[in-house]
Amino acid sequence: MIEIRIQPKIFEDYPTFRRGIVIARNIVNQGHSPELEDMLGQAIEQAARKPIDLKTDPPAATWNEAHRLFGSNPNKFPPAHCALLKRVQKPGARMPFINKIVAIMNINSIEAQMPVGGDDVIRAGGSLELRYADGSETFTPLGNPDSSEHPVSGEVIYVVSETKEVMCRRWNWRNGHNTRIAEDTRIIVMNIDALGEDSETRAVTTRDRVARMLEKFGQAEVITTLLSPGQPAYPFEA
């Protein structure tokens, strides 16, 4: 049994926070999808046509303020979806097609302008928790398997509870290498995070679109739920 959970103090400090969850099993992540690649290209083109100010736009500003609240500088360590939007809002921007699941994450991060990320459950090998760091946890940055670092005490991290392996630093800044989604990934937990006005509606709407895309393009068996102050945890069989 694996449990996804959020430390209650996170909800105390960020009362509008909601996390949409998609658990997807038996995914077929191998191979190329011209349709997904086209959708990604369209999302990038739309973002370039209608760029937003990532400092003043209300949803982006809400995430920046959330990062400041736990002591992180969003200018130096921006939320991943803001960094992605900054990248694709430039005319002529392009992104490589990595695999189907990553494409689905990127499409929805760009179009919904919110954090959408996921991890390989088998590679994680334990329960998944969003909580404040105590500084003893270990993080291996994506793409740097020989590197190791520790989060700052008080930093919001997404971590494997049993091993203290950090899957994402600074809430949604940088993903870890060890739980990365690869072509051989078969089981994932996808997180769709929302803060601020209408956060629950936005989290659920994007969560359900992600679930449909994982079913269509990855032939996945999906389960959806929502983590909130009333339901801070969800157990499931891998």
To the nearest 0.05, the calculated FRET efficiency linking ILE98 and GLU12 through their beta-carbon distance, R0 being 45 Å, is 0.80
Which is the longest run of the chain containing none of the trypsin sites (Lys or Arg not before Pro) found in DSSP loop states (not H, G, I, E, B) with at most 13 other C-beta atoms within 10 Å?
95-238
Looking at the chain as a GNM with Cα springs under 10 Å, which of GLY218, GLY125, GLY92 has the largest mean-square fluctuation?
GLY92
Can you give the FRET efficiency for GLU162 and THR225, using 1/(1 + (r/R0)^6), R0 = 35 Å, r = Cβ-Cβ distance, to the nearest 0.05?
0.95
Each label point is 7 Å from the Cα along the Cα-to-Cβ direction; what then is the distance between the points at ARG87 and GLU200, in nm?
3.4 nm
Cα pair count fraction exceeding 25 Å, expressed as % - the chain:
37 percent
Chain lengthening between GLN46 and ASP146 when straightened (0.36 nm per residue, less Cα-Cα):
32.3 nm
Arrange the following residues from fewest to most other Cβ atoms within 10 Å of their Cβ: TYR132, TYR14.
TYR132, TYR14
Least to most buried among THR179, THR225, THR206 (fewest other Cβ within 10 Å first)
THR225, THR206, THR179
Low-density loop cleavage sites - chymotrypsin sites (Phe, Trp or Tyr not before Pro) in segment 145-191, where at most 16 other Cβ are within 10 Å (DSSP)
none
For segment 157-236, divide the Cα radius of gyration by the Kirkwood radius and give the resulting Rg/Rh value with two decimals.
0.96
Over 29 Å between Cα atoms, which of LYS55/LYS100; LYS9/LYS55; LYS55/LYS216 qualify?
LYS55/LYS100; LYS55/LYS216
List the equivalent ellipsoid semi-axes of segment 51-99 in whole Å, largest first, each obtained as the square root of 5λ for an eigenvalue λ of the Cα gyration tensor.
23, 13, 8
Ignoring everything except DSSP H segments at least 4 long, calculate the 222 nm mean residue ellipticity for the chain; use -39,500 (n - 2.57) per segment, divide by total residues, nearest 500.
-10500 deg cm²/dmol
Cut-off under 20 Å on the C-alpha distance; same-chain residues fewer than 8 positions from LYS164 excluded. Which aspartates and glutamates are left, in chain and number order?
GLU3, ASP119, ASP120, GLU129, ASP134, GLU137, ASP146, GLU149, GLU155
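Since every read-out is calculated from the coordinates, none of them should be taken as a lab result. All of these numbers come straight from a predicted model, not from anything done at the bench. All Cβ positions, glycine included, derive from the backbone under ideal geometry; neighbour counts span all protein chains shown.
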